[in-house]
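One structure below.
The values are calculated or read from the model by the stated rules, or taken from the named source; none is laboratory data. Given the structure is predicted, the values throughout are model-derived calculations rather than measurements. As a convention, Cβ positions derive from the backbone with ideal geometry for all residues, glycine included, and neighbour counts pool all protein chains shown.
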Amino acid sequence: MVPKERRKADMAFWENDSAPAGAPTISDMYRSPGHLIRRCQQISVSLFADELGEFDLTPIQYAALLAIRDEPDIDQRSLSRIIAIDRSTVGTVLKTLEKKGLIVREIPDDNQRIKTARVTDASIELLDGTFAAVSRVQRRLLEPLSPEEQTIFLELLSKLVDLNNTASRAPLDLSKRKELGGGQPST
């Protein structure tokens, strides 16, 4: 755990390209945005595994199931765009979900080059059965913050992600989403 005196957000070291006193220290890294975001992701995944371990489901698999349920007959490329993961990873995710009997994939008559995915009844049952656990993950992640801080944190995190979306190796692209009319999220 980082000592209390080091927890305060301090961007002084990272404000320009020339190091004020040589290379950063490990303490400087502990306060860097990238490190803090990575640690937050680790904590989130750990909480997800803790709450949903019995369901043998990862956060990416969960996101894929939600997207496939909401966008029946979605192809792999479109799925990778609307859950913001690379196409090779989404291919592995789809194979795993298919092996578990949570999705079915078919080659459409009008395009023999792709496979589309659809959730199964088992998937719908799983999604319905995991709602409480997924809600607990979100609450546990944010519970150290006051309700006001939670709102501010989510607003700022959403803004940061939205404004840096194109810098990602797998940017979120909602242009093919039927439900949103092809729109991007608003900041």
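See the values below:
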read-out	value
Any hit, the stretch 99-108, residues being within 19 Å of the chain's Cα centre (by Cα), closer than 21 Å to I60 by Cβ and either exposed (fewer than 14 other Cβ atoms within 10 Å of the Cβ) or modelled with pLDDT of 95 or more (or both)	no
Conditions (1) in contact (Cβ under 8 Å) with a residue 24 or more places away in the chain; (2) over 26 Å from A167 (Cβ atoms); (3) out of contact with any strand residue (DSSP E or B) (no Cβ under 7 Å at 6 or more places or on another chain); (4) not hydroxyl-bearing (S, T, Y): number failed by D73	(3)
Only listed residue being of a type in the set (S, T, N, Q) and at pLDDT 95 or above, chosen from S168, S175, S158	S158
Checking L65 against (1) farther than 22 Å from T166 by Cβ; (2) in contact (Cβ under 8 Å) with a residue 40 or more places away in the chain; (3) surrounded by 13 or more Cβ atoms within 10 Å (Cβ to Cβ); (4) more than 16 Å from the chain's Cα centre (by Cα), the condition it does not meet	(4)
Within the stretch 112-158, considering residues that are part of a helix (DSSP H, G or I) and of a type in the set (G, A, S), the one nearest to the chain's Cα centre (by Cα)	S158
Options L79, L142: the member that is closer than 25 Å to N165 by Cα, free of Cβ contacts under 8 Å to residues at least 60 places away in the same chain and in contact with an Asp or Glu (Cβ under 8 Å, 6 or more places away or on another chain)	L79
Scope the stretch 80-89; condition in a helix (DSSP H, G or I) and either among the basic types (K, R) or surrounded by fewer than 18 Cβ atoms within 10 Å (Cβ to Cβ) (or both); matching residues	R81, R87, S88, T89
